[in-house]
Amino acid sequence: MFKRIVSAGAAVLAALTSACEDGPATVPGGWRSAAVWSTMVHASAQGPLWVEIHGRPFAESQPGFGDKVAAAMTNQLVGRPLTLTAHRDQAAKPEFKVVLAFNPPANADPRDLCAGSVATAAQPGDKVTVLAAFCDKSGLLASVQGWVAKVGDVDDPRFRRLLAQVVRDLFGAAS
């Protein structure tokens, strides 16, 4: 009986560990402005915050991709409603934005995203990577890197969790 319990426990632990290997996972950038939270509140107080999207995380183009990304990132902060839009003309203050680069080069710099210089891989792979930057008109306020493997499209729950984690790590909590 004890052997069965130990075997079952080992199988559950192995399943949980293998699930973690595929992500999603995020890592906040090394530098973060003290004004991230207050700037986000200011930028989104009158309407949606713009999310500018570069690159293709999946091999096939997907209708409504930008809108689905913005929807997955909307209202992911505890205690603060936050709506995002993939359409610049719908943003309340388009001089503030979140820039996402899917499958960027390993040496990509988030400051370049804010400056408008965005490089992405020509072809998506099995692992989706993302570099995110929160920018104002003067440059970078915060950044996050993340990845997830073995996802097929924008509607995959694990891809949506990656985007939610990006928002939480990018804006954090009010200080």
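The values are calculated or read from the model by the stated rules, or taken from the named source; none is laboratory data. Not measured: the values here are computed from a predicted model. Every residue, glycine as well, gets a Cβ built from its backbone with ideal geometry; the counts of neighbours run over all protein chains shown. With ligands, DNA and RNA removed, areas are computed over all heavy atoms of the protein, side chains included. Shrake-Rupley method; radii C 1.70, N 1.55, O 1.52, S 1.80 Å.
Computed values, structure above
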| quantity | calculated |
| --- | --- |
| Residue match in segment 148-161 (condition: closer than 23 Å to Ser33 by Cα and modelled with pLDDT of 95 or more) | no |
| Some residue of segment 91-102 being aromatic (Phe, Trp, Tyr) and under 12 Å from the mean Cα position of the chain (by Cα) | yes |
| Scan of segment 115-161 for residues that are within 14 Å of Val98 (Cα to Cα), out of contact with any Cys (no Cβ under 7 Å at 6 or more places or on another chain) and assigned to a strand (DSSP E or B), ordered by number | Val130, Leu131, Ala132, Phe134, Asp136, Ala142, Ser143, Val144, Gln145 |
| Residue count for segment 89-114, restricted to those that are assigned to a loop (DSSP other than H, G, I, E, B), in contact with an Asp or Glu (Cβ under 9 Å, 6 or more places away or on another chain) and either exposed (fewer than 15 other Cβ atoms within 10 Å of the Cβ) or touching a residue at least 60 places away in the same chain (Cβ under 8 Å) (or both) | 1 |
| Tabulated pairs, segment 136-150, first closer than 15 Å to Ala25 by Cβ, second open to solvent by 10 Å² or more (accessible area, probe 1.4 Å) and hydroxyl-bearing (Ser, Thr, Tyr), C-beta under 6 angstrom, 6+ apart or interchain | Val144/Thr26; Gly146/Thr26; Trp147/Thr129 |
| Pair list, Cβ under 8 Å, 6 or more apart: segment 156-170 residue among the aromatic types (Phe, Trp, Tyr), other residue part of a helix (DSSP H, G or I) | Phe159/Ala72 |
| Every residue from segment 21-32 that is part of a loop (DSSP other than H, G, I, E, B) and modelled with pLDDT under 95 | Asp22, Gly23, Gly29, Gly30, Trp31, Arg32 |
| Filtered residues of segment 50-81 (kept if open to solvent by less than 30 Å² (accessible area, probe 1.4 Å) and more than 14 Å from the chain's Cα centre (by Cα)) | Phe58 |
| Boolean, Pro124 is under 17 Å from Pro48 (Cα atoms), touching a strand residue (DSSP E or B) at 6+ places or on another chain (Cβ under 8 Å), surrounded by fewer than 23 Cβ atoms within 10 Å (Cβ to Cβ) and not small (Gly, Ala, Ser) | no |
| Some residue of segment 152-175 being open to solvent by 30 Å² or more (accessible area, probe 1.4 Å) and at positive phi | no |
| Residue match in segment 65-88 (condition: among the hydroxyl-bearing types (Ser, Thr, Tyr), touching a residue at least 40 places away in the same chain (Cβ under 8 Å) and closer than 21 Å to Ala43 by Cα) | no |
